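J.: Let me give you the structure first, and then I'll get to my questions.
The values are calculated or read from the model by the stated rules, or taken from the named source; none is laboratory data. Only a predicted model underlies this, so the values are computations on that prediction, with no experimental measurement involved. As a convention, Cβ positions derive from the backbone with ideal geometry for all residues, glycine included, and neighbour counts pool all protein chains shown. Keep in mind that these areas ignore ligands, DNA and RNA; they rest on the heavy atoms of the full protein, side chains included. Shrake-Rupley method; radii C 1.70, N 1.55, O 1.52, S 1.80 Å.
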Amino acid sequence: MRVLASAPAKIILFGEHSVVYGKPAIAAAIDLRTYVRAGFNDRGAIKIEAKDIRVPGLTVSFSEDEIYFESDYGKAAEVLSYVRQAIELVREEADANGKGVTVSITSQIPVGAGLGSSAAVAVATIGAVSKLLGLELTNEEIGKLGHKVELLVQGASSGIDPTVSAIGGFIHYEKGDFEHLPFMELPIVVGYTGSSGSTKELVAMVRRTYEEMPEVIEPVLVAMGKIVEKARDVITSDLDEELRFAQLGRLMNINHGLLDALGVSTKKLSELVYAARVAGAIGAKITGAGGGGCMYALAPENQSEVATAITIAGGTPMITRISREGLRIEEVLP
Ligand SMILES: Nc1ncnc2c1ncn2[C@@H]1O[C@H](COP(=O)(O)OP(=O)(O)OP(=O)(O)O)[C@@H](O)[C@H]1O
Ligand SMILES: C[C@@](O)(CCO)CC(=O)[O-]
Ligand SMILES: [Mg+2]
C-alpha cells in the first residue's frame with residue numbers, strides 16, 4: 001500500500017512570537033503545498049527521501065579512480081528531524097514501532113522562510129503515515145500531533161502553524177483553541193528575502209531577551225495580543241471593505257514595528273516592507289518567525305506595483321491565495 005498526502009503553507013497575518021506566550025494570533029493557509037508519499041519497507045527502518053532540502057556539510061572528493069562522499073551526518077539527521085519525529089509519533093500511536101516506513105517528500109514551500117514549511121512537512125507526513133498504518137485521525141487531531149512534533153524538535157511552539165496547515169482556511173488561534181474567521185479574499189503580496197531563519201533559534205532568542213528584561217518585553221507582547229483582538233474585530237465587523245483594509249493595514253504596520261523591537265527583523269526584511277509601503281501597500285509586515293524569510297503586504301489597489309517594488313528591492317514576490325483546504329489525502333494505492 002502507498003499513500004500520498006499534501007498539506008499547505010501558511011502566513012501569519014498578526015501575532016507571531018507573542019502567540020508562543022499564550023497571546024492570540026490570526027493565520028491563513030495558502031496555496032503552496034508539501035507532498036509526502038508513504039509506503040512500507042521490510043527493513044523495519046524509517047527511510048526518508050527529501051528532495052527539496054539541501055544537506056549542509058556534504059563533501060565529495062574525486063581522485064583518479066575513486067569518489068568519496070563525506071557528510072556531516074549530525075546535521076543531516078537534524079534537518080530531517082521534523083519528518084522523523086512525525087513518523088515515530090504515528091508509529092507509536094498505531095502501536096507499530098519497528099514497522100518499516102519509507103517516505104518521499106517534494107515541496108513547493110521555501111524552507112525557513114516564515115511560511116510554515118516545518119508544520120506542512122510534519123502534517124503531511126502524519127497524514128500519509130497514519131493512513132498507511134490504518135489510524136483514523138481527524139485533521140484536527142493531526143494538527144495536534146504536528147504541534148507535538150514542533151515541540152519535540154524546536155523546544156517551543158505555539159501550535160498555530162500545524163493547526164492551520166491541518167485544517168486550512170482563515171483562523172483565530174489562542175492557546176491550542178482555534179476558530180474559523182469569515183473567509184475573505186486577501187489582496188496580498190508575499191515578498192521572500194531569499195535567506196532563511198531558523199524558527200527554533202529565533203524563538204529561543206526572543207525568550208532570552210524576555211528573560212533578561214521581562215518588564216520591557218511583556219508590554220510589547222501584550223500590545224501584540226491587543227493588535228490581534230483589534231484585527232479580529234475589524235475582520236468580523238460589517239464595515240465596508242475599504243475601511244476594513246485601511247484599519248488592517250495600520251495594524252500590520254504597528255505589528256511590524258513591534259516585531260522589529262523584538263529583534264526578529266533584518267535589514268532586507270525591513271527594506272522589502274518599506275519598498276512595499278512606498279509603492280502603495282496599505283500595510284506591510286514580517287510573516288512567521290523572521291530572521292530572513294518573508295514579509296507580506298496588503299495591496300488592494302496595486303498588487304502588481306507592490307510586486308515590482310519588492311523585486312527592485314531585491315526580493316521575490318509571490319501572489320498567493322488562501323487555501324480553504326488543509327491536509328488532503330491525494331491518493332491511496334493498494
Ligand atoms: N521539504 C522538506 N523536507 C524535509 N524537511 C523539511 C522540508 N521543509 C521544511 N523542513 C524542515 O523544517 C525546517 C525549517 O523549519 P522552520 O520552522 O525553521 O522554518 P519554516 O517552518 O519554514 O518557517 P516558520 O516556522 O517561520 O513558518 C527545515 O530545516 C527542515 O528541518
Ligand atoms: C514564531 C512563531 O510564532 C510562528 C512561526 O511561524 C512560532 C510559533 O508560533 O510556534
Ligand atoms: Mg516552522
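J.: Filtering the range 176-227 down to residues that are loosely packed, with under 11 Cβ neighbours inside 10 Å and part of a loop (DSSP other than H, G, I, E, B), which residue is modelled with the highest pLDDT?
T.: Per the criteria, the residue is MET213.
J.: Specify which of the listed residues (TYR35, TYR68) is in a strand (DSSP E or B) and over 23 Å from LYS144 (Cα atoms). Before you say what the answer is, go through the steps one by one.
T.: On the way: TYR35 fails: over 23 Å from LYS144 (Cα atoms).
Being in a strand (DSSP E or B) and over 23 Å from LYS144 (Cα atoms) holds for just one of TYR35, TYR68, which is TYR68.
J.: In addition: Report whether or not TYR73 is open to solvent by 30 Å² or more (accessible area, probe 1.4 Å) and farther than 25 Å from HIS147 by Cβ. Steps first, please.
T.: Numbers: open to solvent by 30 Å² or more (accessible area, probe 1.4 Å): yes; farther than 25 Å from HIS147 by Cβ: yes.
When the stated conditions are applied, TYR73 passes them.
J.: Can I ask one more? Report, ordered by the first and then the second residue, all pairs with beta carbons closer than 8 Å, sequence separation of six or more or different chains, a first member in the range 288-310 that is closer than 11 Å to GLY112 by Cβ and of a type in the set (A, V, I, L, M), and a second member that is within 16 Å of ligand 2 (Cβ to nearest atom) and part of a helix (DSSP H, G or I).
T.: The qualifying pairs are ALA289/THR199; ALA289/LEU202; ALA289/VAL203.
J.: Just the residues that are over 20 Å from GLY257 (Cα atoms) and within 9 Å of ligand 2 (Cβ to nearest atom), please, taken from the range 10-43.
T.: Answer for the range 10-43, where residues must be over 20 Å from GLY257 (Cα atoms) and within 9 Å of ligand 2 (Cβ to nearest atom): just LYS10.
J.: Sticking with this structure for a sec: Within the range 144-162, identify whether any single residue is in contact with a Pro (Cβ under 9 Å, 6 or more places away or on another chain), assigned by TED's automatic domain parsing to the domain that holds THR311 and within 11 Å of ligand 1 (Cβ to nearest atom), and answer yes or no.
T.: no
J.: Something else about it: If the requirement is being assigned by TED's automatic domain parsing to the domain that holds ALA156 and either among the aliphatic types (A, V, I, L, M) or more than 20 Å from the chain's Cα centre (by Cα) (or both), which of these qualifies: GLU49, GLU78?
T.: Result: GLU49 is the single residue among GLU49, GLU78 that is assigned by TED's automatic domain parsing to the domain that holds ALA156 and either among the aliphatic types (A, V, I, L, M) or more than 20 Å from the chain's Cα centre (by Cα) (or both).
J.: Quick check on the range 150-157. Is at least one of its residues over 21 Å from ARG324 (Cα atoms), buried (at least 17 other Cβ atoms within 10 Å of the Cβ), away from ligand 2 (no atom under 16 Å from the Cβ) and of a type in the set (D, E, K, R)?
T.: Within the range 150-157, none of the residues are over 21 Å from ARG324 (Cα atoms), buried (at least 17 other Cβ atoms within 10 Å of the Cβ), away from ligand 2 (no atom under 16 Å from the Cβ) and of a type in the set (D, E, K, R).
J.: Quick one: would you say ALA275 is in a helix (DSSP H, G or I) and not polar (S, T, N, Q)?
T.: It is true that ALA275 is in a helix (DSSP H, G or I) and not polar (S, T, N, Q).
J.: Select, from ARG84, ARG54, ARG91, the only residue that is open to solvent by 60 Å² or more (accessible area, probe 1.4 Å), assigned to a helix (DSSP H, G or I) and within 24 Å of LEU152 (Cβ to Cβ).
T.: Only one candidate passes the filter, namely ARG84.
J.: Here is a further query. Could you list, in sequence order, all residues of the range 158-175 that are within 15 Å of ligand 2 (Cβ to nearest atom), under 16 Å from the mean Cα position of the chain (by Cα) and either modelled with pLDDT under 95 or on the phi > 0 side of the Ramachandran plot (or both)?
T.: Result: GLY159, single match.
J.: Restricting attention to the range 94-105, and to residues there that are under 11 Å from LEU133 (Cβ atoms) and open to solvent by less than 30 Å² (accessible area, probe 1.4 Å), which single residue is nearest to the chain's Cα centre (by Cα)?
T.: VAL101
J.: So which of LEU248, LEU272, LEU298 is of a type outside the set (Ser, Thr, Tyr) and out of contact with any Leu (no Cβ under 7 Å at 6 or more places or on another chain)?
T.: Working: LEU248 fails: out of contact with any Leu (no Cβ under 7 Å at 6 or more places or on another chain); LEU298 fails: out of contact with any Leu (no Cβ under 7 Å at 6 or more places or on another chain).
Only one candidate passes the filter, namely LEU272.
J.: Of SER81, SER18, SER61, which residue is free of Cβ contacts under 8 Å to residues at least 24 places away in the same chain and among the polar types (S, T, N, Q)?
T.: So the residue among SER81, SER18, SER61 that is free of Cβ contacts under 8 Å to residues at least 24 places away in the same chain and among the polar types (S, T, N, Q) is SER61.
J.: Does the range 81-98 hold any residues that are within 16 Å of ligand 3 (Cβ to nearest atom) and either basic (Lys, Arg) or not assigned by TED's automatic domain parsing to the domain that holds ARG54 (or both), and which are they? Walk me through how you get there before you give the answer.
T.: As a first pass, look at the range 81-98 and keep what is within 16 Å of ligand 3 (Cβ to nearest atom): 81-86.
Hit for the range 81-98 is ARG84, nothing else.
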